[in-house]
Structures are given as C-alpha cells and as structure tokens.
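Here the structure is laid out as structure tokens; the discussion comes afterwards.
The values are calculated or read from the model by the stated rules, or taken from the named source; none is laboratory data. Please read all numbers here as calculations on a predicted model, not as lab measurements. Cβ placement follows ideal geometry from the backbone for every residue including glycine, while neighbour counts extend to all protein chains displayed.
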Amino acid sequence: MGWPAGVKLLLETQSGICLPHQYHSAYKYCITDKDNKIDEYSDCCEILLEAGYTISPDDISRSSSNTLASLFIRELSKRRRKLLAIAEAHIHASELSDLRKGETGIPDAYASELCAALTKKGFNIDQTLMAPETESLYSYLLPPNILDKIYEAGFIDVDLPLEMNHTPLMARCRFSWISIEDSKHIGWLISKGADPFRKLPGSNTTVLHWINARFAEYIHFHWECKSDSHFDPHVEFCNLNQIDMHLFSLIIRDECSCSCSLDGCTPLSAAIRAVVDKLFVDDQQIAEAASGFRRFLEFLIYHNKSKLEVCHAMIRSLTFDGLSLSHTCCIELRYHYPWEHIRDESDLQEIKEEQRIHLERFEKLVSEFDAQFDAMGLPLMDFLQKIWYERMVKFLSERDKYDAEHAKQTRELGISLEVDDIEIPLVVQFICDQVRVVESESEDL
C-alpha cells in the first residue's frame, strides 16, 4: 500500500486468485490525512476497490482519514445503488417495499435483506454487492462532516426503525452517558429529521427523556469524579440546540405513571432519577461524591432559573428517592437496550398497591415541604440542607410506639424482636455533610 503501480502489478500477476474480503485492516487505525503518502494510499485503495475488493460500513467507521472515509462512502454508495437497481429489476414492487421496511434512499440497514431475497430467487450476487447484516450507518459514532458525506451520498433514512424498532438516535443513547462527541452526532441526526419525541419501543417514555438521563450522568460524572472546575455543561450540549429548550426542563411530559413526577416523567425528573440510580459510596471519597451531587442539583436549579414549579418538582423527586420508594416509571432507561427490559403493567400495578400506604405518607410529606418552601422563601439548596435534610432524617428515623403487651406476647411465642439500624439513603446523606446528626423526634403525619 502506498505504491499504486506495485498494487496494479500484484493484481495482474495474481488475477486468478480469489480476492480477500479485507485489504487494509492492519493500517486503518494509523493512516491519517497527515501522512505524506495518504494520496498514494488512497489511490491503492481505489485500485483494489475497482478490482472487486469488498467494502463495508465498518471500514467507514474505523477509518482515521477523511480522505479514505470519503472514498469508502462513494464506493459503498455506488455499489448499493447497483444492488437496488438489480433488486428493482427482479423483485416485485410490493415485495421489495416489504424488504426495505420503509427505506426511501440508498439501501442501508436493510441491504442484506435484498441480497438474501435475490439469492433465494437464484441470482448469484457478486461479492462486491453483498451486504453484511448490520445496523444503519447512522448508528456508528461518526463526526458531523462524515455524516454529511454519507447523507449527501444518498443514505437519507436517518430515523428509520431498525431491529427491535429502535432508531439510530436511540442507538446513540445506549452508552453510560452522552459525551460531547455523542451530542454532536445526536444534534446532527435531529437536524436531519430524527424525532427526539418518538417513544421508545414498548415504553411509555421518549428518546428525549433518555437523552436527558444519559447527559445528566455525563455531567454528574465530571463533578463527582473529576472535580473539573472548568467544566461547563452548557458548552457541552451546545450541539443540541434543536432541543436545548427541553433539556432538564418540565416542558415535555411522557406517558409514565409514577408519584415521583406528577402527570408523567419530565426531562428534569429523568435526569435526577438517572443520577440518583448511579450514586455510590467510597469511604475515601464520600465528601467529594456528595459535593458533586449537590453541584449537579445546583446546575439544574440555575439552568431552570429557580422557577417555583421546578423547585417543587425537584423536592418531589428527591423526597420520593429519599424514602426509597419503588418507581413505576421508565426504569428501563438505566439499561443499554431499554426495549429488552420493559416491565409488565400488572407488575407496576402490584408495586403501586404494595406502596399505597407509603405513597399516602409521601404525598403528605411533599405537601409539607412545598408549603414550607413557599413560606420561607429560601433558595432551594438552602432549603434542602436546612429544612428538607433534617425532616427527612427524622421521618426515616421514626419508629412505631413501643407496645409492652405486644412485646410480652411475642416473647412468650419465642420470638425476639430486634430494632434494625436506621439506614439513610445516599440521596439524603449527600444533601448535607455526612457528619450532622439529627435527633429523632416523634411526629405524626
């Protein structure tokens, strides 16, 4: 590679040998546009492609060179157009429509179905046209300039449901958090028509809520583990300007049903939920972890301009998790493939019934907090640390009144009653400084 004349000579002398499926694997990660022989290397690739060497979406995604990626896109586009022409000539229009499953541009995610159908009809498909079973080109993490080239080449189905009915936009949310590179990809997909308000397969929530959950994890990670004083979330999600008004807001509600967020989950509640699910304790770093969590909450408050309804929503969400109640909403968002973890509706109803008494006490507690917050006029973080924290600890520390007769009867039956240690959930602990002790006082709700 890098010697076009030599490649041509090798092809001529080995013309009778079956061409391999790969030809530049050993170099794809190290050849870049800065290499002084990139043009010669590109010429060699073009010669091999013209000779019949195969190309796949993987070659585009793994290329470290824009020159090579552009070459591979052009070649893949040319071959997929040829495959489509053959399919249109030999497959009935109605059958072809079923095989393409809604594709309108060049065959992409469902190109392998065309190959399989033609093979089944007895056509011998050239190896250069064979398409591997794969996801859409848009499911790969690629920079916007390469995505532009793919789109301009004719691969226009950016929001096509794939296997299990997930879309390329959903594929970008599968990872633990959305990085700045992911946000560029997500912003590009939305700009080309990908629908962030589409419901996840089998779920009551939307892609927008999932984006918020993933991005919240990314923000919290920076402040919890990296102590990055220069980290600015608003800079990080500037690529999401199509949905920036919805990020961490109450504007969009999904169809979930859970007391953690009235009338459906919001981008804000999904964000808090995702971070609370990830809270952990390392004895050596607990203070830093708590500080990172509080900083995340402060960001949510600042981002929403301390609006009253947002403060109430945050109090409700934190109180729900602070009481360790079980969510009946979008728990599937914590998984890489949420559509594989949809809970049965009967299970959700059973959880609600089991928690009925606890939820009644929760609602009374939230009403108490809302009234205090409105009356005191404190900034939300001050309220959480000075009022909410102490009340939550007292509430969690409450015990049923001692019944001497009941204790005597149980002892006669050979049963020894023990008092369990009080366990304060991390979401409560992290609001304050881990050292404060609040004496329990008996209070009836």
Please indicate, with yes or no, whether at least one residue in segment 429-437 is modelled with pLDDT of 55 or more, outside any loop (DSSP other than H, G, I, E, B) and surrounded by 10 or more Cβ atoms within 10 Å (Cβ to Cβ).
yes
Sort through Ile31, Ile55, Ile60 and tell me the only one that's buried (at least 16 other Cβ atoms within 10 Å of the Cβ), among the β-branched types (Val, Ile, Thr) and in contact with an Asp or Glu (Cβ under 9 Å, 6 or more places away or on another chain).
Ile55
Output yes when any residue across segment 180-191 is assigned to a loop (DSSP other than H, G, I, E, B) and not hydrophobic (A, V, I, L, M, F, W, C), and no when none is.
no
Residue ID - surrounded by the most Cβ atoms within 10 Å (Cβ to Cβ), chosen from residues in segment 146-180 that are of a type in the set (Asp, Glu) and modelled with pLDDT of 95 or more:
Asp157
Any idea which of Phe221, Phe215, Phe231 is of a type outside the set (S, T, N, Q), assigned to a loop (DSSP other than H, G, I, E, B) and on the phi < 0 side of the Ramachandran plot?
Phe231
Taking the condition free of Cβ contacts under 8 Å to residues at least 60 places away in the same chain and under 27 Å from the mean Cα position of the chain (by Cα), does Asp98 pass?
no
Looking for something under 23 Å from the mean Cα position of the chain (by Cα), at pLDDT below 95, β-branched (Val, Ile, Thr) and outside any helix (DSSP H, G or I) - is there at least one such residue anywhere in segment 332-342?
yes
Where Gly105 falls short, out of the listed (1) out of contact with any helix residue (DSSP H, G or I) (no Cβ under 7 Å at 6 or more places or on another chain); (2) surrounded by 13 or more Cβ atoms within 10 Å (Cβ to Cβ); (3) not in a loop (DSSP other than H, G, I, E, B):
(3)
Against the condition of a type in the set (Ser, Thr, Tyr), touching a helix residue (DSSP H, G or I) at 6+ places or on another chain (Cβ under 6 Å) and modelled with pLDDT of 95 or more, how does Ser183 come out, does it pass?
no
Going through segment 354-365 one residue at a time, which ones are closer than 19 Å to Leu262 by Cβ and more than 30 Å from the chain's Cα centre (by Cα)?
Arg356, His358, Glu360, Arg361, Glu363, Lys364, Leu365
Being over 24 Å from Phe237 (Cα atoms), more than 18 Å from the chain's Cα centre (by Cα) and not hydrophobic (A, V, I, L, M, F, W, C) narrows it down to one residue among Pro132, Pro144; which is it?
Pro132
